[in-house]
Amino acid sequence: MSDLIMRAEQGILGALLADRDQALITEHLNTEDFGHPAHQAIYTAILDLQTAGYATEQVTATIVEMVDRPDVDAAWLQALAINAPGSDRLRAYTQIVIQAAFDRDIADFADPYLDAAALASNPEARDNLTRLGQALTVQADTFAPGSTIDPDRSVQVTSLTTVATAVELHREDAVIADLVQHPEQARAVAGWLTPEVFTTEQRRLTYEFAVSIAYDNDPIDAVILAWHVQRARDINNMYDHETRLPDPRNESEYAYLTRLEVTTVAVGTAVMVGHQLVFEHVTATLALSATTAAEHAIQATPAQRGEHHIGLEPPTTPTPTVDVRRIEL
């Protein structure tokens, strides 16, 4: 998930380079909140130059000189500004960066509680401090790996990703693509199209969060949605006490969603195809239930089936109850 953090951080830097929503960013983010050292250096340089009164067109060239990294050049910085997220999505990007910074630091929050527990003489206080420290440790183990960026990786790695446009989408993907491209469709399907009709975990989680985010009219794009899906998977792993890695045959969340973003799909596909998926799901469920019931009936013992066998006695000649004499003529 570190790629998502890279993209979110670069989206924020791009907005600053485009001289957009500076107050939203600077009021909520510090230099230390960025996970890559190059991003930290760029963020600091932007703020220093803008404070010094540099014009926007002068900032890019000066940042390249100040940061002095081979992977930070003027063309790349200009591309960040051009592709920066809009104001509505920028707030979500800021929240992602803040959450990732918290995830990276949370292990440090656990240590003081565990140290205090080791020194506590009161058994109840010691137990409480230990539980709190262990809970923070588990949370760090769950979320920190996906929020940590390799400081030595190039910042331009993410810009080299190519998006393949599908010729034809799988029907389930077409539903999700409609919701990503036309978020207003979420309210049309939220009440009756359930995640159970989707056949893979990736699609189920993506559909669930796409509907949830779009239903509330919150901004949605590949970075935002992939972030929610990945955190949901991390939470599931935490409660299952095991790590269920994504199927290597599947695309990453971000690659999957960027493909859905750029593949043309008609408005209303979610409703039309969704009805088909529900019908097929219900039909398959009923058929499975009928088959299971039949198999249970065949395998059941006579007592379980409620059958009663009546033993038949051999026929007997009834004994006359009156004196029957042959009439002689």
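Here's the yes/no breakdown for (1) touching a Ser or Thr at 6+ places or on another chain (Cβ under 8 Å); (2) among the polar types (S, T, N, Q); (3) modelled with pLDDT of 90 or more:
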site: T165; (1), (2), (3): yes, yes, no
site: E168; (1), (2), (3): no, no, no
site: L193; (1), (2), (3): no, no, yes
site: Y207; (1), (2), (3): no, no, yes
site: M238; (1), (2), (3): yes, no, no
site: E251; (1), (2), (3): no, no, no
The number of residues in the range 170-201 that are crowded, with 20+ Cβ neighbours inside 10 Å and either polar (S, T, N, Q) or not in a helix (DSSP H, G or I) (or both) is 3
| said: Would you confirm whether or not the range 65-82 contains a residue that is part of a helix (DSSP H, G or I), in contact with a Leu (Cβ under 8 Å, 6 or more places away or on another chain) and within 29 Å of I213 (Cβ to Cβ)? | reply: yes
### Message
Given the condition touching a Ser or Thr at 6+ places or on another chain (Cβ under 6 Å), at pLDDT 90 or above and either in a helix (DSSP H, G or I) or exposed (fewer than 15 other Cβ atoms within 10 Å of the Cβ) (or both), answer yes or no: does some residue in the range 139-158 qualify?
### Response
no
**Prompt:** In the range 46-59, is there at least one residue being in the same structural domain as S87 (by TED's automatic domain parsing), among the small types (G, A, S) and either in a helix (DSSP H, G or I) or buried (at least 18 other Cβ atoms within 10 Å of the Cβ) (or both)?
**Reply:** no
For the range 115-147, the count of residues that are among the hydrophobic types (A, V, I, L, M, F, W, C) and either in contact with a Lys or Arg (Cβ under 6 Å, 6 or more places away or on another chain) or within 25 Å of G35 (Cβ to Cβ) (or both) equals 8
For G35, the lone unmet condition from (1) within 19 Å of R153 (Cβ to Cβ); (2) modelled with pLDDT of 95 or more; (3) assigned to a helix (DSSP H, G or I); (4) of a type outside the set (D, E, K, R) is (3)
A210 passes all but one of the listed conditions (1) surrounded by fewer than 21 Cβ atoms within 10 Å (Cβ to Cβ); (2) more than 17 Å from S2 (Cα to Cα); the exception is number (1)
When the range 1-15 is checked residue by residue, the ones that are out of contact with any Leu (no Cβ under 8 Å at 6 or more places or on another chain) and assigned to a helix (DSSP H, G or I) are S2, D3, L4, I5, M6, R7, A8, E9
task = Would you mind stating whether A255 is of a type in the set (G, A, S), crowded, with 16+ Cβ neighbours inside 10 Å and modelled with pLDDT under 95?
result = yes
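Matching residues to (1) buried (at least 16 other Cβ atoms within 10 Å of the Cβ); (2) out of contact with any helix residue (DSSP H, G or I) (no Cβ under 9 Å at 6 or more places or on another chain):
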site	(1), (2)
V97	yes, no
A101	yes, no
I106	yes, no
Y113	yes, no
L119	no, no
E124	no, yes
T130	yes, no
Q134	no, no
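The values are calculated or read from the model by the stated rules, or taken from the named source; none is laboratory data. Computed from a predicted structure; not experimentally measured. Here Cβ is always computed from backbone atoms with ideal geometry, including for glycine, and neighbour counts include all displayed protein chains.
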